[in-house]
């Protein structure tokens, strides 16, 4: 999204200044390519981490539905959680602060639901 906005800004700036294609390429487009490539790479890493997290959530929910779970299965879940935390790409601090309250509320709701199921 930011990369798209930067592209539009660059093209608009070049058009307003009457720049040639060569001027645009050398002053805006080519210097911006490393940042664009980094943004694409980080985006891919976030998507991969999200898919791994969803798979682990499905596995964990399946374990919750079983009547008994072995310590080996629990250890596997812990190992996968550790791997996700260790290998997942960093999240920008401003973005984390923006969404952390909603995640905290979701976690508390899910924990209360699981606790209620365990009592029944």
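Only one of 28, 40 is within 30 Å of residue 81 (Cβ to Cβ), modelled with pLDDT under 90 and in a helix (DSSP H, G or I). Can you tell me which?
Result: 40 is the single residue among 28, 40 that is within 30 Å of residue 81 (Cβ to Cβ), modelled with pLDDT under 90 and in a helix (DSSP H, G or I).
Which of the following residues is under 20 Å from residue 106 (Cα atoms) and in the same structural domain as residue 11 (by TED's automatic domain parsing): 37, 56?
Selected residue: 56, the only one of 37, 56 that is under 20 Å from residue 106 (Cα atoms) and in the same structural domain as residue 11 (by TED's automatic domain parsing).
The values are calculated or read from the model by the stated rules, or taken from the named source; none is laboratory data. Predicted model only: the values in this text are computed from it and were never measured. Using ideal geometry, Cβ is built from the backbone for each residue, glycine included, and neighbour counts are taken over all protein chains shown.
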